[in-house]
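These notes concern the structure reproduced below.
The values are calculated or read from the model by the stated rules, or taken from the named source; none is laboratory data. On a predicted model such as this, the values are computed, not experimentally measured, just so you know. Positions of Cβ are generated from backbone atoms using ideal geometry, with glycine treated the same way; all protein chains shown enter the neighbour counts.
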Amino acid sequence: MTGSAFEGGRFEVSEGAFGEGSCMLYDSNVERGVDRSALPPESAAIRHREGNLLLPARSTK
């Protein structure tokens, strides 16, 4: 997934979703207040931090 914007919610990918010979491309996205705690650890085949803009949730004050 590339070039998208997300606000709130939870980004979840099961750790076994990308086995040998597959990869996950998640790049050039903007996230605001997205819960990323359910993403698998980065590896040679899985990249989800670099190249994305990760912003805190908007203040409700």
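Give the residues of the stretch 42-61 that are exposed (fewer than 13 other Cβ atoms within 10 Å of the Cβ), of a type in the set (Gly, Ala, Ser) and on the phi < 0 side of the Ramachandran plot, sorted by residue number.
Across the stretch 42-61, the qualifying residues are Ser43, Ala44, Ala57, Ser59.
Just to be sure before I move on: is Glu12 modelled with pLDDT of 90 or more and not hydrophobic (A, V, I, L, M, F, W, C) in the structure I sent?
When the stated conditions are applied, Glu12 passes them.
Return yes when Ser37 is of a type in the set (Ser, Thr, Tyr) and within 10 Å of the chain's Cα centre (by Cα) and no when it is not.
Against the criterion (of a type in the set (Ser, Thr, Tyr) and within 10 Å of the chain's Cα centre (by Cα)), Ser37 qualifies.
Being part of a loop (DSSP other than H, G, I, E, B) and free of Cβ contacts under 8 Å to residues at least 24 places away in the same chain: is that true of Ala44 here?
Yes; evaluated as a whole, the condition is true for this residue.
Looking only at the stretch 6-24, which residues are assigned to a strand (DSSP E or B) and either touching a Gly at 6+ places or on another chain (Cβ under 8 Å) or more than 30 Å from Arg58 (Cβ to Cβ) (or both)?
Glu7, the sole residue that qualifies.
I'm checking my understanding of the structure. Among residues of the stretch 29-41 that are at pLDDT below 95 and part of a loop (DSSP other than H, G, I, E, B), which one is surrounded by the most Cβ atoms within 10 Å (Cβ to Cβ)?
Out of the qualifying residues, it is Leu39.
Using beta carbons and a limit of 8 Å, which pairs, at least six apart or on different chains, have the first residue in the stretch 26-41 and without any contact (Cβ under 8 Å) to a residue 60 or more places away in the chain and at negative phi and the second one outside any strand (DSSP E or B) and β-branched (Val, Ile, Thr)?
These pairs meet every condition: Ala38/Val13; Leu39/Val13; Pro40/Val13.
Kindly indicate which of Gly21, Gly8, Gly16 is surrounded by fewer than 10 Cβ atoms within 10 Å (Cβ to Cβ), out of contact with any strand residue (DSSP E or B) (no Cβ under 6 Å at 6 or more places or on another chain) and at positive phi.
Result of the check over Gly21, Gly8, Gly16: Gly21.
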